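The block underneath contains the structure these notes are about, expressed in structure tokens.
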Amino acid sequence: MLMRIGIFGGSFDPVHNEHIKIAQNAVKSLGLDILYVVPAKAPPHKVGVTLCDGNHRKKMLEIAFCNQPNVVVSDFELESQNTSYTYLTVEHFAKIHQGAQLYLLIGADMLENFPLWREPERILSMARLFVTRRGGEDFIKASTTFKQRFNTADFIVSDIDGLKVSSTEIRNRLVLGLDVDVFLDPSVLQYIKENGLYLGGKEALFVRTNLTKKRLMHTLGVMNLAKTYAKRLGVDTKKAVMAAMLHDAAKYLNHKDYPDFKVDSDVPQNVIHQFLGAHIAKNVLGVRDEDIINAIKYHTTGRPGMGVLEKIIFTADLLEDGRDYEEAPLLRKAVDKDFYEGFKLCVNRLIAYLLKENSPIYHLTLDCLKYYQTEK
């Protein structure tokens, strides 16, 4: 009888409960003799992204799967000198288990992007795909794209649907000091705490110290959405996440406590924090990137001629998942369809909201509205 071998690759930064559930289901559903869990060293689709040290990620995987039968954590990619191309990993295990039936575990999002992978036909010649759907993903679109490209539907769909959980959100929660108990194995979380992983730098410490839990949850939402928009628009995601993390850093601070900070007398009270936040980012925290500074500086009011990162933070601030005002769902759809046109609608909505609340409207917001009403 042929051996049945599974391969489950990824960054696992960090490994979370959905990873564990997917692995357990694959072992059971496919009757795997061995499931290799393979942390990546340098994923080709995450160029410019800094991962937690590979030894830490491997150790967390070993902790998470220590009591899981038939699961082996492999350091093949961590020890390799090459980029972590999946076809090389599949080829490696095909040589070790000659004649075995190989299965490659992927998510539905990866199924849609599979034609863009290095040597996809080569992978399909060596292994069958085992696809797990995840909440919020368009599986029909993903499977259609795959079938059109390869003229086959020769993949297996998991009988479970995964939850919409990402390592990115977990890292952001850890950076902000928010609860992650529901996402992580207790022993993995203990390892993270004991080793001081995912704490961020002085910027994260400043935010954790000066924001309420409710505001931290809002900040988390802005960080998550800003990264999504940045990836879509080809903007540096690290810059987007940093700007999002700091956008409300001065929300509850008194500008009079910063003698070297100057603000015009006509600036409304609810706007001061954007200017003070930019001042603190630059002069207290040492942020030197002007794109990040400007994204913080104008995230509440907007301004004429905003850069792409400024628009991302402005829009994410209005549309993160915690925003539940009546127009939010329609604005989200508009932004998803066309970010730049959706952004303009968000500017209009801001003006309408301020008028409705009888709140003072700063001249920058009016200038912003006029600019984008006439922009072609």
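The values are calculated or read from the model by the stated rules, or taken from the named source; none is laboratory data. Because the structure is a prediction, the values reported are computed rather than measured. Don't worry about glycine lacking a Cβ; one is built from the backbone with ideal geometry, like all the others, and counts go over all protein chains shown.
Just a few scattered comments:
- Test: residue in the range 148-167 that is aromatic (Phe, Trp, Tyr), surrounded by fewer than 20 Cβ atoms within 10 Å (Cβ to Cβ), outside any loop (DSSP other than H, G, I, E, B) and not assigned by TED's automatic domain parsing to the domain that holds MET242: yes
- Looking only at the range 96-116, and only at residues there that are without any contact (Cβ under 8 Å) to a residue 40 or more places away in the chain and buried (at least 17 other Cβ atoms within 10 Å of the Cβ), the one that is nearest to MET1 (Cα to Cα): ILE106
- Options LEU124, LEU129; residue that is in contact with a Ser or Thr (Cβ under 9 Å, 6 or more places away or on another chain), at pLDDT 80 or above and either in a helix (DSSP H, G or I) or among the aliphatic types (A, V, I, L, M) (or both): LEU124
- When the test is whether a residue is touching a Ser or Thr at 6+ places or on another chain (Cβ under 8 Å), at pLDDT 95 or above and closer than 22 Å to ASP53 by Cα, LYS202 does not pass it.
- Taking helices (runs of 4 or more DSSP H) as the structural unit, those lying wholly within the range 1-92 and holding at least 2 residues that are closer than 18 Å to LEU129 by Cα and within 20 Å of the chain's Cα centre (by Cα) correspond to 17-30.
- Under the condition of being touching a residue at least 24 places away in the same chain (Cβ under 8 Å) and in contact with a helix residue (DSSP H, G or I) (Cβ under 9 Å, 6 or more places away or on another chain), the residues counted in the range 167-181 number 10.
- Residue check for LEU189: at pLDDT 85 or above, among the aliphatic types (A, V, I, L, M) and assigned to a helix (DSSP H, G or I): yes
- Within the range 93-108, considering residues that are outside any helix (DSSP H, G or I), among the aliphatic types (A, V, I, L, M) and in contact with a Leu (Cβ under 7 Å, 6 or more places away or on another chain), the one modelled with the lowest pLDDT: ILE106
- Selection status of ASP179, surrounded by 14 or more Cβ atoms within 10 Å (Cβ to Cβ) and over 24 Å from TYR362 (Cβ atoms): no
- Some residue of the range 358-376 being touching a Cys at 6+ places or on another chain (Cβ under 7 Å), in the same structural domain as LYS214 (by TED's automatic domain parsing) and in contact (Cβ under 8 Å) with a residue 12 or more places away in the chain: no
- Checking every residue in the range 44-63 against the condition of being under 19 Å from TYR191 (Cβ atoms) and touching a Ser or Thr at 6+ places or on another chain (Cβ under 7 Å) gives at least one match.
- Scanning the range 350-376 for residues being surrounded by 15 or more Cβ atoms within 10 Å (Cβ to Cβ), part of a helix (DSSP H, G or I) and of a type in the set (Ser, Thr, Tyr) gives a total of 3.
Each row is one residue, and each column tells you yes or no for (1) buried (at least 17 other Cβ atoms within 10 Å of the Cβ); (2) more than 21 Å from GLY201 (Cα to Cα); (3) of a type outside the set (Lys, Arg).
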| residue | (1), (2), (3) |
| --- | --- |
| THR219 | yes, no, yes |
| ALA226 | yes, no, yes |
| LYS239 | yes, no, no |
| TYR258 | no, yes, yes |
| SER265 | no, yes, yes |
| ILE272 | yes, yes, yes |
| VAL287 | yes, no, yes |
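- Among the residues of the range 326-340, those identified as over 20 Å from the mean Cα position of the chain (by Cα) and either small (Gly, Ala, Ser) or surrounded by fewer than 11 Cβ atoms within 10 Å (Cβ to Cβ) (or both) are GLU326, ALA328, ALA334.
- Options ASP181, ASP266, ASP248: the member that is assigned by TED's automatic domain parsing to the domain that holds LEU309, at pLDDT 95 or above and not in a helix (DSSP H, G or I): ASP248
- Residues in the range 77-95 that are of a type outside the set (D, E, K, R), over 19 Å from GLY31 (Cα atoms) and touching a residue at least 40 places away in the same chain (Cβ under 8 Å): THR83, SER84, TYR85, THR86, THR89.
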